[in-house]
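Have a look at the structure below before the remarks.
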Amino acid sequence: MITRSPSAQGVISFFKINMKTTLSNFLCGLFLICSYKTAGQTCRSKCGDVLDKCSCHATCVSLLNCCADYSQTCFQVKPESSSMLGGRALRILGLVLHPAGRLLCRFKGKIETEGFIDAQGHAYCVSPLLYETGWILINVSVDGINFDRSGEYFSVHPSKADPAFEVILVNSTQWHHYGTPDITGQLRLTWNSSLIGAEKVNIELWGYREFNSSTGEEINGSYSVRAELSYLYSLGRHLPNTGSFSIIPVPSEDYSRWELGNIRITASSNSDGSRDVQALWSDIHVLAWHFEQTFRNDSAAWATKKCLQWNITEKKLPNFLNELIDCPCTLAQARADSGRFHTDYGCDIEKGSVCTYHPASVHCVRSIQASPTHGSGQQCCYDSAGALMLTGDSIGGSTPDRAHDWGSPPYREPPWVPGYSHWLYDVMSFFYCCLWSDHCHIYFSHRPSSDCRKYQPPRAGVVLGDPHFITFDGLNYTFNGKGEYWLVFSPDAELSVQARTEQVKLENGTLVKATQLSSVAMKEKSSDVIEVRLAQGHLEVLRNQKLLSFMEQRWMDLHGVFVFAPSPQDVTAMFLSGVGVEVHVHEGAMAVTVLLPAEFTNHTRGLLGLMNADPSDDLLTQAGEVFSPASATPKEIFAFGTSWNISENSSHFTYDSKYLLDTYSFRPNHDAAFVPAFFLPEIPDDPLMEDMLKICFGEGAQFCKYDTLTTRSLTVGNATLRAYRNHQALMASLEPVVSCGWLPTPRNGRKNGTHYVKGNTLNFSCNDGYKLYGTAQRTCLDDGTWTGEQPYCITDDRVGFVLGSVGSLSALVTMGAMIKLHNRKQDRGKKVNPDQRVTQEQTF
C-alpha cells in the first residue's frame, strides 16, 4: 500500500478487517490476565530475556508469566514478510500511539526511517531496501531517543514475495526482448490500484549494478564490488492511479549501461527516487526496452560484442566449478536428496514443467547451499525419462551458476546478493550469447554441465510409528522408551538431532504401554535451533523456541539452516553440511527421516546407529557397549535405547507449557518408571485380527501389526505401513547409480543417445563423405567405463590417399598415426581453446 500522506488512509482501508479480529481481542485479554501480577518490571530493551518476576521470552504467552508491557514492547508485525526490495507497510501489533505522535523505525540496528501512525493510533514501519533475506530486527522509538521496543519481519527473495503487491509486466517476453527482431510495439504494466492510497502515482525505473566502491567503476568480475539498486528516471509523474500504464519506449542513450532493473510505483506525493517509502515493485528484468539505438539497429551484433567481452571477463575470474557438488544422476535421486537439492521454481514438474531456459527438461533442481568461497550454485535438469541433461548435448542442459540465485550469507555484497548477482553473472550472459546471438558455445564453455560420476547419494535413517527405527545401515528395531533421546549425535560435525516420545493415549483416554514421537529438535554448529512438534494432527515449527508461521512463506532462510514447509503435515530442515531432516505426519503419527551425506561415515552415534555400512554395530550405547542385533533381546534393545537419553543441559527442546515442564523438564529426560509391552501376541479371536491381516502384509507387516494391536486402531497400523513403504521408496530412489561419463559427438558425425549410466548403449555414425574409425557402439559397464574406443569421422579422400600410396602394413601404421594425430589435435584444441569445444562436437 502507498499513501499520499502520514494519515495513511490506504493502509487504514487495507487493515480495516484485521484491526477488529476476534484474535486481537483475545490476545489483549490474555495478556491482561497473565501479566497483571507482574507490574513494575518492564521488557524495554529486554525482549527474549526471563526476568526475576516475569518473562519477556516468547514462551511467556503460553506459560502465562509475561511482563505487563510484553505485547507492546516485544511486538509482532503484520504482514510478517516483505520483499527485500522493501516498500511494504508493516503494522506493529499491540502498539497504540497518539495519531499526532512520532514513530522512528530502526532496521538491523542501523537503517533509520520515519514510521507513521494512522487515525486509529496504529503504528507502522515501512520495510527498507535490503540486499539480503532472513529475519530482520526492528527497533522502534516513540520518543525519538530510546529504541527500546523490538520485533522482527522476514525479508524474502523478490520472487517469493506476495504477488498481490507486484507490478506485473504484461507479456514479460516482450519486455525482456524488446528491440530484437520482430519485438516492438506498446509495453504495458498493471498493478492493484487499491494498494496505493493516492489518486496520482509516479512510475519509476530503477537499475541494478555492481561497482568498485573506491573508483566508482562498474565491474562485472571483481569481487571487490558493491551492490547498488538506484533510481534512474521516471516513466511518468502524477499519473492517474488506474492500475494500468502503457508506453512505447524510446532508446535511452544516457542510461543504456544499466542492463538490469525494476519498475517501481509510488504515490505522487513522494519525490523522485525517494528511498524506503511505500512502493510496489516489478520483478527484476533485462532492460532491453531502454537500450541504446545501436541495440535496436542490430541486436545480434550488439549482443555478440557483449558476449565476447563477457568471455574475456569470465576467463579472468577464479574457477568456481571445482567447489560445486556433482549433480545426481537421476531425477529420482535429485528429488530424494532433500538435504542438498531443492526444486528450481523456474522448471518444476509439479507445475507443468514450464522450463523457459531449459527446453526439453521436465524438472530442474538447485543445490541448496552456495559454495563456501565463491557463493556459486549448481543446477541440474532432467528429461522425461529422468536422465540428467547435459549442455554437451542440448541447450536445455544443466548449467552451474557463478552466483547462486538464492544468494548466500553474508548477502549484501556481490556475488552473494539474492537474485541480482545471479542475473548479472549468469543470466545476462545467457541473453548475450544464446538468446540474442549465436554464440552459445561460448556460454557453455564457462557454464558446462556437471557430470554425476562423483555424486554420492545420502544415507537415510527413519523413525516411524510406535516408534520403529531403521538405522542408516538398514537395521530395524522397536524402542518404546518415554522421554527425550539422541536420534543422531555427531560431535565431530557438531550435529545433534533429538527426539521426544510420549505415551500413546487411545481415543477413549486410556494410556497403553507404548510410545510415539511427539517432537524432534535439531541444531548444527551455531545454527538456529529448529524444533518440529506434533500439535492436533499437524506440525508446529519453532525457531529458537519461538513459533514460526508459514502462512505467508513456505520457505525460510534462517541462520545456518533452511526450513521448507509445503503443508501443515510436511516440514524439511536443511543444514549447511547437506544434512536433511524430513518430518511428516501420517494419520496423526509423526515420522522423521534423517539424510546424511557420505562425509558423516563413521561420525554418527545415537538411536539411528553408527553410519558405516555395517548394521552389526548399530546397537552401540552411549557408554560404548555394543549389543549384537542377531541375539539382542527386546529388553537389551530397550536398554540400548534408554542409554541415549539426553541431559537437561543438552536439550534443544522448548518447554512452554505446564505439561512439558512437569513431564520432561522438571524430571529426568527418560521416564524409568515406564515399562512398555515388549510382546503383543496375536490372538485368533481378537476382533481386529481379520481386518489387520488384510492390511498388514508384505514388508513392514510386523510394524503394522504391532501398532494396530497396541493402539487398537487399523488406521494407525495402516499409517505406519504407509510410512514404512514411503521409506522403502526413498531408499530405492537413493540407490547409487553408476555413470560412465559424457561422450562427445564425433566431428562431422552423429550420436544416437544421451544417457550415460550403466546399461545404456550409444551408437555413432558419420555424415556422408566420412568414414568412422573407432567403435560405432559403446556400452556403459558396471565398473563405470565405456566399451570400445572413441570414434572419429575422417573423409574418404584422406583415407583413399593413404591406402593408395603405401602397402597394407604401412597403411595400417599410417592410419593409426593419423587417428592418433587427429586425437591429439582435438585434445589440444579443448585445452587451448575451450570455446570451440561445443561447436566441434555438435557440428553434424
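Quick notes
- Reachable aspartates and glutamates, given that their alpha-carbon falls under 18 Å from the alpha-carbon of residue 758 and they are not under 8 places away in the same chain: 326, 383, 451, 735, 782, 783, 789
- Accessible surface calculations at 1.4 Å, restricted to protein heavy atoms, place the chain at 43 Å² per residue.
- Protection proxy ranking of 713-723, 317-327, by the mean of other Cβ atoms within 10 Å over each peptide's residues and highest first, is 713-723, 317-327.
- Note on residue 212 and residue 775: the model spin-label points, each 7 Å out from Cα along the C-beta direction, lie 5.3 nm apart.
- Put the Cα centre of region 325-344 next to the Cα centre of region 708-757 and the gap is 11 Å.
- Aspartates and glutamates whose Cα lies under 20 Å from that of residue 200, excluding same-chain neighbours fewer than 8 positions away: 166, 272, 276
- FRET E, pair residue 114, residue 412, Förster distance 25 Å, beta-carbon r, rounded to 0.05: 0.60
- Among 321, 349, 300 - extreme Cα towards positive end, dipole of region 299-447, charges at beta-carbon: 300
- Restraint check, 635/705; 160/525; 110/316, Cα-Cα greater than 30 Å: 110/316
- Across 315/751; 78/546; 751/771, pairs whose alpha-carbon gap is larger than 20 Å: 315/751
- If R0 equals 35 Å, the separation of the Cβ atoms of residue 702 and residue 782 corresponds to a calculated FRET efficiency of about 0.55.
- Inter-label distance, residue 648 to residue 685: 5.1 nm, where each label sits 7 Å from its Cα along the C-beta direction.
- Within the chain, helix-based [θ] at 222 nm, where runs of 4 or more DSSP H residues each add -39,500 (n - 2.57), nearest 500: -5500 deg cm²/dmol
- Once the Cα-Cα distance is subtracted from the 0.36 nm per residue extended length, the residue 293 to residue 253 segment shows a gain of 13.7 nm.
- The chain: DSSP helices with Cα axial extent of at least 18 Å and average Kyte-Doolittle hydropathy no lower than -1.0: 22-35, 299-316, 714-733, 808-832
- Scaled radius of gyration (Cα, divided by 2.2 N^0.38 Å) that the chain gives: 1.10
- Sequence-distant aspartates and glutamates (8 or more away, or on other chains) whose Cα lies within less than 19 Å of residue 305: 218, 253, 259, 292, 314, 426, 438, 835
- Site pair residue 601 and residue 102 shows an inter-label distance of 6.6 nm when each label is modelled 7 Å from Cα along Cα→Cβ.
The values are calculated or read from the model by the stated rules, or taken from the named source; none is laboratory data. These numbers come from a predicted model, not from an experiment. FYI the Cβ positions are ideal-geometry reconstructions off the backbone, even for glycines, and counts take in every protein chain you see. Accessible surface areas use protein heavy atoms only, side chains included; no ligands, DNA or RNA. Shrake-Rupley method; radii C 1.70, N 1.55, O 1.52, S 1.80 Å.
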